[in-house]
Amino acid sequence: MSDKIGTSNFFWCFPSARGATLNARMSCLKETTLGLQIGVSELQDVVDAEQAERIPTLERQAGLARYAELQSKIVALNREQEQYGESNPVQLNLKRRAVILAQEAATRHTDNTLSIISYFVQSRGIDSKDFRAHLEISEDWDDI
């Protein structure tokens, strides 16, 4: 809503229902955030108290040393894996398997086609070149 007074425009803004809803939600979220922050600080106090009561034993020190060793090993293995890039052994094995499956499928298709050609040549007496032309099989097609 605006009113014109003289040469100036003055805009009057009244709070809308949408604005009131958003303000109520924001205050609710602020209260939730404050409650969560209090919970986090209480838990941090509990952790600090437990750490202060922790007794340094040889077993714990050995476990921490083993943990640090394993973490460094993980970092080294991740670096090694990044070096492989596209020649990742797992990916290469998957690709090799896909190539083998494709070759087997091509062989099956070739065998089936040869069986059909053989059947029609033997049972119907059709010339194999004519039958290949009918199936649109080119001359450079490999007979395995």
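Read-outs throughout are calculated quantities, based only on the coordinates presented, and are distinct from any laboratory measurement. In this text the structure is predicted, and so the values were computed from the model without any measurement. Neighbour counts are summed over all protein chains in view; Cβ atoms, including those assigned to glycine, are modelled from backbone coordinates with ideal geometry.
Helix 89-124 and the longest principal axis of the C-alpha atoms of the chain enclose an angle of approximately 30°.
Comparing Leu43, Leu58, Asn88 along the charge dipole axis of the chain, the residue lying farthest to the positive side is Leu43, per the Cβ-charge model.
Taking the Cα centre of the chain as origin and assigning +1 to Lys and Arg Cβ atoms and -1 to Asp and Glu Cβ atoms, the resulting dipole is close to 500 debye. Hydrodynamic radius of the stretch 29-107 by the Kirkwood approach over all distinct alpha-carbon pairs: 18.3 Å. Using C-alpha pairs under 8 Å with a sequence gap of at least 6, the mean separation divided by the residue count of the chain gives a relative contact order of 9 percent. Residues in the stretch 77-88 carry Karplus couplings, in order, of 5, 5, 4, 5, 5, 5, 5, 5, x, 6, 9, 4 Hz; the curve used is 6.51 cos²θ - 1.76 cosθ + 1.60 with θ = phi - 60°, and Gly or Pro positions show x. Distance from the Cα centroid of the stretch 33-47 to that of the stretch 86-128 is 66 Å (rounded to whole angstrom). With all pairs of different C-alpha atoms in the average, the Kirkwood value for the hydrodynamic radius of the stretch 77-144 is 15.2 Å. Compared with the dominant Cα axis of the chain, that is its longest principal axis, helix 17-53 is turned about 90°. With the convex hull drawn around the C-alpha atoms of the chain, the volume per residue stands at 541 Å³.
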